[in-house]
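Right, one structure below, let's go through it.
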Ligand SMILES: [Zn+2]
């Protein structure tokens, strides 16, 4: 059975989370991922979600045609998002007892760089194995945090897959979400001292 290359995944995950990934400022992550996908044989395009949202970067669309002989196979889309919640100015990863942490000054960035890395490693294994595959499309979105804005503004004319998987969710590995009721937004003014809920909630 094909096994993921753990060292390769770890090194690449660290490389990706080391970049700042603020919502609407995903350009550094976009350029890094574009280079990696082109090296794997994908054609990479960018849509105009950045212009629509006032950011410096659009959604990344990458396409790899089916291998010879299976052109009619199901076309699969794999998706993850490039931005992270604050503070996400670039992570120094600390590994302790087999678990990854940030150094405490930023988030780790597992949401959603673990999805990004899972897609990259999965594609590499597929290509290394030489397994036949249908058309593969990858969509790395911008500005997911705060309301899936990159997805909302994506250029649907670029969509050419039959099924899609978004690698971004809570729960144990293998858990699949097939539906959700939606999202409601409230604007609430709260008076008090600000503190980061994940890093220092006791100061708030
Ligand atoms: Zn996410």
So what does log10 I(q)/I(0) come out to for the chain at q = 0.10, 0.17, 0.18 Å⁻¹, using the Debye formula with one equal point on every Cα and no solvent? -0.47, -1.29, -1.42
Helix 6-17 sits at what angle to the longest principal axis of the chain, using alpha carbons and giving 0 to 90 degrees rounded to 10? 50 degrees
Given the Cα-Cα distance of residue 18 and residue 6 and 0.36 nm per residue of separation, how much length would full extension add, in nm? 2.5 nm
Of 107, 176, 16, which is the most mobile in a GNM of the chain whose springs link Cα atoms less than 10 angstrom apart? 176
Return the distance in nm (one decimal) between the two label points of a simple spin-label model at residue 94 and residue 200, each offset 7 Å from Cα along Cα→Cβ. 1.6 nm
Given a cut-off of under 8 Å on Cα pairs at least six residues apart, what relative contact order in percent is computed for the stretch 6-203? 26 percent
What does the extension gain come out to for residue 101 and residue 170, with contour length at 0.36 nm per residue minus their alpha carbon separation? 23.1 nm
From the helices alone, meaning DSSP H stretches of at least four residues, give me the mean residue ellipticity at 222 nm for the chain, per-run term -39500 (n - 2.57), in deg cm²/dmol to the nearest 500. -8000 deg cm²/dmol
Between the stretch 100-134 and the stretch 35-62, what is the C-alpha centre distance in whole Å? 17 Å
How far is it, in nm, from the label point at residue 148 to the one at residue 180 when both lie 7 Å from their Cα along the line to the Cβ? 0.5 nm
Per 0.36 nm of contour for each residue apart, how much would the distance between residue 158 and residue 125 grow if the chain were fully extended, relative to their Cα-Cα spacing? 9.3 nm
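Every number here is computed from the coordinates shown, using simple stated rules; none is lab data. Keep in mind that what you see is a predicted model, and the values were worked out from it rather than measured. Note that each Cβ is placed from the backbone with ideal geometry, even for glycine, and that neighbours are counted across all protein chains shown.
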